[in-house]
Amino acid sequence: MKINIEEFMCQPITDMNTLEKSEEMMHKMELLCMQLQGQLCQELERIEGTTKFRVDRWLKCEQIQGGGVTCIMEDGAVFERAGVNISVVGGKLRSEAVRAMNSQGRELPEDEEMEFRAVGISSVIHPRNPMVPTKHFNFRYFEVIPELSERQWWFGGGADLTPYYLDEKDVKHFHCSYKAACDLHGPSYYRRFKKWCDDYFFIKHRCMGRGVGGIFFDDFKSKNIDACFNFVKSCSKAVIPSYIPIVNKHKNDGYGLREREWQLTRRGHYTEFNLLYDRGTKFGFSTPGARHESILMSLPPRAAWHYCHNPEPSSKEGQLVEVLRNPKDWASV
C-alpha cells in the first residue's frame, strides 16, 4: 500500500518502506494512528485559523525503544489546549507494571522478564469556550513476549465527552456516533462498552462521573486479530464526526465569568481523576524512560478548586451534576 506522507504531521517512527509492506499488527496500528493524528490536527487547525500545532517527534532513550509524535496546540482562540500524541515503544516490562496488569485480570508471569511492544494514539481537547465540551479518546495495541510462553496481545481504547454545560442533543449525537461504530461489529458492544466507560471514568471521592461517558474497552481480543483491529478502525472513524459539529455549533456562544469559573472548577475535577485514578497515567509513569511531558499533555492548562463548592440543584451547573451522578442511556434519549 502506497502511503501519502502529506496525511501525517511528520515522518512516522517506523520507516515508510516497512509500513507500506508489513502485515504486522504493530505496523498496521501505527499507520492508523498516524493517519488519524494527521486528520484530526489538520481539522483543528482549520477551525483555529492562525494557531498551529507544535510537532515534537521524539526518539528512544537508553531505557526504552521506539519513539513517538506529540502534537500540541496551546493558547488558541478556540482551543486553549489540544494534544494528539502517538507512541510506538517497546522494552522490558518492570515487575510493578506486570503486577498492575495482573491486578486488572490478566495472567502474565511475574517471575520472568518480558519484552513488550505497544503503539497507540491519545488525545485530549480542552476548548476555551465553556459551552464547548472537552473530548478525550485513545486507541492502543499492546503485546508482551514472555521468555517461556506464547506472545499475548490485546487492544484497548475508547472516547468520552466532558461538557461544562449540558446540551442533550450534543450528548446524544456523540453517543450515537460511537454506537453506530460499535453496531457494525456486535449488537452488544455499545451497551457493554458504554457501561464500562461510565464505571471507569467515575470520580470516587466526588461520587460523580468525569463526564457524560462514551465508550471504553480494554483487554479486547479474540481468535481473529484482524476483526479486533477492524473494530478499532471503525471507532477511529467516529472521532472527528462525533465532535467537530459540536465545536462548530458552540465555539462562538457567549459566556461570562460565572461560566468560566464553573469550567475551571470542572477542569479541577478532570485533573483529579487523571492523577488519582487513570490507569494509563499510572502505567505511563511506571514505564522505563517515560516521557512525562507527553503523559501530562492531557491536563488542562488552567483549573480551579473552590472549597465545598456545590451548585444550586436548579441551576444549569446543578443540572449537569445531576446527570454526572446518574448516567443516562443517551443513545435512546
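We did not get these values from a lab; they are worked out from the coordinates using the rules stated. These numbers were taken from a predicted model, which means no experiment stands behind them. Positions of Cβ are backbone-derived with ideal geometry, glycine not excepted, and every protein chain shown enters the neighbour counts.
List the trypsin sites (Lys or Arg not before Pro) within the range 13-79 that fall in a DSSP loop (any state other than H, G, I, E or B) and whose Cβ has at most 11 other Cβ atoms within 10 Å.
Numbers: sites: K21, K28, R46, K52, R54, R57, K60; in loops: K52, K60.
Counting only loop positions with at most 11 other Cβ atoms within 10 Å, none of the trypsin sites (Lys or Arg not before Pro) in the range 13-79 qualifies.
How much of the calculated P(r) for the range 171-231 lies past 16 Å, in percent of all Cα pairs?
Percentage above 16 Å: 50.
Pairs K169/K251; K195/K221; K28/K172; K28/K194; K237/K316: which are spaced more than 21 Å apart, C-alpha to C-alpha?
K28/K172; K28/K194; K237/K316
From Cα coordinates alone, what are the radius of gyration and Dmax values for the range 124-209 in angstrom?
In order Rg, Dmax, the Cα atoms of the range 124-209 give 16.4, 54 Å.
Counting pairwise Cα distances across the range 246-333, what percent come out greater than 18 angstrom?
Summing the P(r) tail past 18 Å for the range 246-333 gives 62 percent.
Given the DSSP H assignment, sum -39500 (n - 2.57) over each helix run of at least 4 residues in the chain and divide by its residue total; what's the result at 222 nm in deg cm²/dmol, nearest 500? Please list the in-between numbers first.
Working: 11 runs with 134 residues, N = 333.
Rounded to the nearest 500, it is -12500 deg cm²/dmol.
Could you tell me whether the range 174-290 comes out rounded, prolate or oblate from its Cα gyration tensor? Rule is a ≥ b ≥ c as square roots of the eigenvalues, rounded for a/c under 1.5, then prolate if a/b exceeds b/c, otherwise oblate.
Oblate, because a/c is 1.5 or more while a/b does not exceed b/c.
Among T50, T70, T271, which one shows the biggest mean-square fluctuation in a GNM of the chain, springs joining Cα atoms closer than 10 Å?
Fluctuation is largest for T50.
Shape of the range 31-81 from its Cα gyration tensor (a ≥ b ≥ c, root eigenvalues): rounded if a/c is under 1.5, otherwise prolate when a/b > b/c, or oblate?
Here the range 31-81 falls in the oblate category.
On a 0 to 90 degree scale, rounded to 10, what angle separates helix 189-200 from the longest Cα axis of the chain?
Tilt relative to the chain: about 70 degrees.
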